[in-house]
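What follows is one structure encoded as structure tokens, with my remarks underneath.
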Amino acid sequence: MKGEDKKLEKATFAGGCFWCMEPPFEKLNGVVEVIAGYIGGEKEEPTYKEVSSGTTGHYEAIQIIYEPEKISYEELLDVFWKQIDPTDAGSSFVDRGQQYGSAIFYHDDKQRRLAELLKEKLGKSGVFKKPIATKIVEFKIFYKAEDYHQDYYKKNPLRYKFYRSRSGRDQFLNEVWRDKKDNELKKKLTPLQHDVTQKKGTEPPFKTSIGKTKKRVYMLILSLTSRCLSPLINLILAQAGQVLQDRLSLTI
């Protein structure tokens, strides 16, 4: 196996429907595998039907196998926070019940400290008005979900897109993180730059450094055009004059 000589670590997160939690992590460089499964309950080898009923105490969760030399646990946590509503105490979006709640299951003390630190940092950031409710829990046993749940978004793309579009997840995430990104851009860009790049505004001619450059280019083009066209225009006028003279001579 190619990964045998590589140092691999695990991260385990619950963020509601595990179908929706797999894609964001699978595309990350350094992530080897993402597994959908169940964690947190007492029943051994639970089934999807049992977990979704809310009677086993398990969460739908994902386990991420990653290379710490390529991607850090802190980076994984950053992606995790941006997939969930961490203020929802017991559910996630359209899916209601403890089994769809959000939680971080730490595998060692380092992961616990980082999870607590970033949770506190997120709470103080002002991104969310409500307190962060995501639980931080010690990892115990993770049960892999049935095969048809693994990479569900690849196996059943139409059903997945239909479910996700109606779950409320993307609508919430776009509203929260788009506004945050927009505020960060406003700090880096001038009002005009922000309007042009983010709101499809138009730039007044020759008002900015870009406009000045455009003006110089326009002037250069006009100059070159006039130089090239002048001989041609003179030739055309000369020919036209000769034709006119010839026609006049025929009428006399």
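Would you please give the residues with an amide H less than 5 Å from that of residue 33, counting only those at least 5 places away or on a separate chain, with H modeled from the backbone geometry?
Here the answer is 65, since their amide H atoms fall under 5 Å of that of residue 33.
³J(HN,Hα) across the range 68-80 via Karplus (A = 6.51, B = -1.76, C = 1.60, θ = phi - 60°), whole Hz, x for Gly/Pro?
x, 6, 9, 8, 8, 5, 4, 5, 5, 4, 4, 5, 4
Which ³J(HN,Hα) values in Hz, rounded to whole numbers, follow from the phi angles of the range 105-110 under the Karplus curve 6.51 cos²θ - 1.76 cosθ + 1.60, where θ = phi - 60° and Gly and Pro get x?
Those phi angles translate into 9, 7, 9, 7, 5, 5 Hz.
Name the GluC sites (Glu not before Pro) in the range 62-130 that are in a loop by DSSP and that have at most 14 other C-beta atoms within 10 Å, would you?
69
Counting only other residues whose beta carbon sits under 10 Å from that of residue 172, what net charge do I get with K and R as +1, D and E as -1?
Once positives and negatives cancel, what remains is -3.
Starting from the Cα of residue 141, move 7 Å in the Cα-to-Cβ direction to define the label point; list residues of the range 101-118 whose amide nitrogen is under 18 Å from there.
105-107
Which far-off residues, 5 or more places away or on another chain, put their amide H under 5 Å from the one on residue 92, with H placed in the peptide plane?
Counting only residues 5 or more places away or on other chains, the set is 97.
Return a whole-number percent for the relative contact order of the range 2-167, with Cα pairs under 8 Å and 6 or more residues apart as the contact set.
Values: 301 pairs, mean separation 49.4, N = 166.
Across the range 2-167, relative contact order equals 30 percent.
Which GluC sites (Glu not before Pro) in the range 21-50 sit in a loop by DSSP (not H, G, I, E or B) and have at most 16 other Cβ atoms within 10 Å of their own Cβ?
Working: sites: 26, 33, 42, 44, 50; in loops: 42, 44.
Those that pass, being in a loop and sparsely packed, are 42, 44.
Which of the residue pairs 27/144; 6/154; 43/135; 10/155; 119/155 have a Cα-Cα distance greater than 30 Å in the structure shown?
In this structure, 119/155 lie more than 30 Å apart at Cα.
Every read-out reported here was derived from the displayed coordinates using simple, explicitly stated rules and does not represent laboratory data. Remember, predicted model here, so these are calculated numbers, not experimental data. All Cβ positions, glycine included, derive from the backbone under ideal geometry; neighbour counts span all protein chains shown.
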